[in-house]
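In what follows, a structure is listed as structure tokens, so that the remarks can point back to it.
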Amino acid sequence: MGHPRHGGRVVGGISLYPSSISGFLPIADAFGLALFTVIGTHKALLLGTSGVVAVLMGMMTGVAGGMIRDVLAQRVPMVLREEIYATAAMAGGIVYVALQALDAPLTFAIAASLSVTLGLRLAAIHWHLALPVFAWVTVPPKYQDANAPLSTPQKAKERVRMIRRERTRR
């Protein structure tokens, strides 16, 4: 039966401890992203769309499942965060369309696309890779213009700045 302190049982390779499940779910999500990206891209090409449309349809098909999951879990969808998610799906779709255009065997195109998507996503999970985040920020004027009359205040300027992970908006 097991010791009472060892309450976590292994069922089908998944431990019942929440910490190990939380480590397993992103990996399972990466596999789902890769699979549905290939399925969506393949189906779009079968329907006669252009390569660009097929890549976008594959990316949307792959990302949609994760978005639905995140919305139901009341979280910000992963695709709207800085994680490499939609980028991995797009790269996999591009590989699939390019190999199909070069008349590569279907199984090779599928395997290569799955590998690229899955490899990028798993690398992003393992090494915490992220894309830069850009935001509109208001930059106060640094100095008073010498040519401007003293009665006219300098306006703050709006700029797009890259926000790094460890920094906050200013």
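The values are calculated or read from the model by the stated rules, or taken from the named source; none is laboratory data. Predicted model, so just to flag it, every value in this text is computed and none were measured. We place every Cβ from the backbone using ideal geometry, glycine too, and count neighbours over all the protein chains shown. Ligands, DNA and RNA are excluded from the accessible area calculation, which covers all protein heavy atoms including side chains. Shrake-Rupley method; radii C 1.70, N 1.55, O 1.52, S 1.80 Å.
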- Query: Looking at Val137, is it closer than 26 Å to Phe31 by Cα, of a type outside the set (Ser, Thr, Tyr) and modelled with pLDDT under 95?
  - Reply: no
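Of a type in the set (Gly, Ala, Ser) and either at pLDDT below 70 or farther than 30 Å from Leu80 by Cβ (or both): which single residue out of Ala112, Ala146 fits that description? Reasoning before the result, please.
Details: Ala112 fails: either at pLDDT below 70 or farther than 30 Å from Leu80 by Cβ (or both).
Only one candidate qualifies: Ala146.
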- Message: Checking the condition surrounded by fewer than 18 Cβ atoms within 10 Å (Cβ to Cβ) and either within 17 Å of the chain's Cα centre (by Cα) or at pLDDT 95 or above (or both), which residue from Thr41, Thr61, Thr117, Thr49 passes?
- Response: Thr49
- Note on the structure: Those residues of region 46-75 that are without any contact (Cβ under 8 Å) to a residue 24 or more places away in the chain, closer than 14 Å to Asp29 by Cβ and either among the hydroxyl-bearing types (Ser, Thr, Tyr) or in contact with a helix residue (DSSP H, G or I) (Cβ under 7 Å, 6 or more places away or on another chain) (or both) come to a total of 2
- Message: Just to be sure I understand the filter: pairs with C-beta atoms under 6 Å, separated by 6 or more residues or on different chains, first member in region 81-97 and without any contact (Cβ under 8 Å) to a residue 12 or more places away in the chain and under 15 Å from Asp29 (Cβ atoms), second member surrounded by fewer than 20 Cβ atoms within 10 Å (Cβ to Cβ) and among the aromatic types (Phe, Trp, Tyr). Which pairs pass?
- Response: none
- Select from region 74-96 the residues that are open to solvent by less than 30 Å² (accessible area, probe 1.4 Å) and touching a strand residue (DSSP E or B) at 6+ places or on another chain (Cβ under 7 Å) and list them in ascending order. Ile84
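Condition test on Phe24, is it at pLDDT 95 or above, surrounded by 11 or more Cβ atoms within 10 Å (Cβ to Cβ), aromatic (Phe, Trp, Tyr) and closer than 24 Å to Leu129 by Cβ?
Numbers: at pLDDT 95 or above: no; surrounded by 11 or more Cβ atoms within 10 Å (Cβ to Cβ): yes; aromatic (Phe, Trp, Tyr): yes; closer than 24 Å to Leu129 by Cβ: yes.
Considered against the rule, which asks whether it is at pLDDT 95 or above, surrounded by 11 or more Cβ atoms within 10 Å (Cβ to Cβ), aromatic (Phe, Trp, Tyr) and closer than 24 Å to Leu129 by Cβ, Phe24 comes out as no.
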